[in-house]
Each structure stands twice: as structure tokens, then as C-alpha cells.
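Enquirer: Before I ask anything, here is the structure I am working with.
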Amino acid sequence: MVKTVKTPSGGRTIAYETWGDPDAHPVFLLHGTPGSRLGPRLRTFDLHKLGVRLIAYDRPGYGGSDRHGGRTVVDAAHDVSVIAEDLDLKKYSVVGRSGGAPHALACAARNIGSQVASVAALVSLAPPDADGDGFDWHSEMSESNVSTYDLLDRHAPDVTELGALLARNAETIRRDPTVFLASLREEMPSVDRVIVEDAGIREHLLRNYLSAVGRAEQGEEESVDPRAPMGWVDDLVAFRTHWGFKLQEIDGSVPVMLWHGERDVFAPVAHFHWLTKRIPSAKAVLQPSAAHFAALPALPQVLAWTRDAAGR
């Protein structure tokens, strides 16, 4: 059942849900981009077997959560702590997949209230300041991702063009989310195509995308298309601006796992290698035959690691 909580500053509404045994180890699962709390997750039966209580929320501007204009990646650490307080959690772990991964790293860096017990970041992007010194942020990335981020970078800080593009994508999803998934599938390596053809994963992904763009929330920018999914817009802007924290803040006091598939085209493996060099304390897991969506079937093993690393 969906629950809501208000942020102490600004009074924003955050929508979240929980699954599994309330007395089990709590783990936040941060969704991808675009996404929502209804994204792919484990069945309740499997959560009970793992001894994990799963918590997922809609990032601002998605699903049932109010928009937070101008948010940065680090703001997720504060939203997670608000939900943790609402649930009276003393310790918790955080897992972020794809677009949720940088936000999970923010939780490790800030460790608000010293409550973060472990963190896993799956198929994460590197921050925008990684560009240079032989690293090309866009290299080996899918054509659609490159064109979208290029559009954002060329017009920043104006998001009018980006909003128009994502408004069209959102309308496609609202009409038929299978069309959007099919467009992603065209760019996937074969190993990812097999994964998204699984009936259960496919159902979760389609529901996830629909929930992500189910409502259009007008941004403060009057020129932005009113149909634009502002959560999606704000995510992309956050990825390409300073994250609000430094990776050096992840100092080993919180156990961190970096997980990646070598054949990823949405967050290329060079991003993983860049991150592992900057977070030397992290447990680095690279799957040579896997790609982006392999993070979904890997969730049980990752959740078990976060539970064990937290000392439960």
C-alpha cells in the first residue's frame, strides 16, 4: 500500500511503499530513469527468504511524489532519510540501479545520521566532471542516450528542448509503453533482449514506465512543454550537473558495492572503471557477459550482499 510523507523543509510529498517482513533488514531500492517505486523488484516470498524488507519511493516529479525543481543527486540522501524517519528505521541499506545508482552513492557519501549500513550501485553513470584525462562520458553509449544528453548539454541551463523531447516520449508511453520498450530493445545487446523478454520483468518494466509518466507536472519554467515528465527532466539535468557531493566522501566507513555488466550500452563500462578508481574501498563486481538489464536478475545476490555487509 502506498504511503506518503512530507519533507520537513518545503513540505514536499514523497510517495513510497514497503514489501516483506517489517522486522527484516530494511533496504531502499532506488529506481532507474525514467522510473517509479513500481519498478522491477523481488516477490514478497523471495524477500522473506532473503530476510529483507524492501522500500521503494518515487523520486521527485515521478508517480506520487511532488517535483523538487533544481534538485541535485545528493538530495536523494535527504529524501531517503525522511522516509527512514517516518518508518522509525535506525539502520538501513540502499541499492540503486541505473538512474538510481548515483543517488545510492550519495547516500553512502552523506550517511545522514550514521544510519546507512551498506550501499550497492548497479550500472551507474560517472559524474559529469569525469570528462577529460582520456575519459569520454558519451563514448560507447547508445545513440538515443548520446543525442538526449547532447541536447541537454547544448541548451543548458534551458530545458525547453529537453522537455519537448521527453514530452513526446512520455506521450508514447502513455499510449502504449510497449512501443517505448521496443525502442530501447533496438539498442540493446542480445543478452539484454533475452532478459526483457521475460514475462515477469517485462510486466514490471511496463508498469514502471507508465507510473513514471502517469501525470505531467508543469515546471517553474513557463516555456517547458506542460506534458513534459519533470521527474525525468530533472533526473537527466542532475546527472549532467555537479552531484552535490564528492566521491572522496565515500571513505570506506560504509560498505559499498559497484556492480556492472561489461556490455552495457546505456551506462558504458568505462563509467564503472572510472568509479572504481575513485572509490577504492568499494567491492567491484564486473560481469563480462552481462549488460545493463542484467542488474535485474542480479538483485537477489546484491540484496543478500547488502544484508550481510550491514551485519544482519
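The values are calculated or read from the model by the stated rules, or taken from the named source; none is laboratory data. Here the structure is a predicted model, which is why all the values come from computation and not from measurement. Cβ atoms come from the backbone with ideal geometry, glycine included; neighbour counts cover every protein chain shown.
Enquirer: Please go through region 4-30 and give me each residue that is farther than 28 Å from D308 by Cα and either hydroxyl-bearing (S, T, Y) or loosely packed, with under 15 Cβ neighbours inside 10 Å (or both), ordered by number.
Expert: Answer for region 4-30, where residues must be farther than 28 Å from D308 by Cα and either hydroxyl-bearing (S, T, Y) or loosely packed, with under 15 Cβ neighbours inside 10 Å (or both): T4, K6, T7, P8, S9, G10, G11, T13.
Enquirer: Considering each of I14, I55, I83 in turn, give the residue that is outside any loop (DSSP other than H, G, I, E, B), of a type in the set (V, I, T) and within 14 Å of the chain's Cα centre (by Cα).
Expert: Checking each option against the conditions leaves just I55.
Enquirer: Of all residues in region 58-117 being of a type in the set (S, T, Y) and touching a residue at least 40 places away in the same chain (Cβ under 8 Å), which is surrounded by the fewest Cβ atoms within 10 Å (Cβ to Cβ)?
Expert: By that ranking, first place goes to T72.
Enquirer: Pairs please, first residue from region 283-312 and in a strand (DSSP E or B), second anywhere and aromatic (F, W, Y), Cβ atoms under 6 Å, 6+ apart in sequence or on different chains.
Expert: Within 6 Å, the pairs are V285/W259.
Enquirer: Here's a follow-up. Scan region 228-235 and tell me whether some residue there is within 19 Å of A295 (Cβ to Cβ), assigned to a helix (DSSP H, G or I) and modelled with pLDDT of 95 or more.
Expert: The answer is yes, given that some residue of region 228-235 is within 19 Å of A295 (Cβ to Cβ), assigned to a helix (DSSP H, G or I) and modelled with pLDDT of 95 or more.
Enquirer: If you don't mind, another one. Those residues that are part of a loop (DSSP other than H, G, I, E, B), crowded, with 18+ Cβ neighbours inside 10 Å and not charged (D, E, K, R), I need them from region 253-282; list them, please.
Expert: Correct list: V254, P255, V265, F266, A267, P268, I279, A282.
Enquirer: Let me ask something additional. I'd like the full set of residues that are within 30 Å of D308 (Cβ to Cβ) and among the polar types (S, T, N, Q), limited to region 112-158.
Expert: Those that are within 30 Å of D308 (Cβ to Cβ) and among the polar types (S, T, N, Q): S114, Q115, S118, S124.
To keep it simple, each residue is scored yes or no on (1) under 20 Å from the mean Cα position of the chain (by Cα); (2) on the phi < 0 side of the Ramachandran plot; (3) not hydrophobic (A, V, I, L, M, F, W, C).
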position: S142; (1), (2), (3): yes, yes, yes
position: Y149; (1), (2), (3): yes, yes, yes
position: L152; (1), (2), (3): yes, yes, no
position: A156; (1), (2), (3): no, yes, no
position: G163; (1), (2), (3): yes, yes, yes
position: A182; (1), (2), (3): no, yes, no
position: S190; (1), (2), (3): no, yes, yes
position: R207; (1), (2), (3): yes, yes, yes
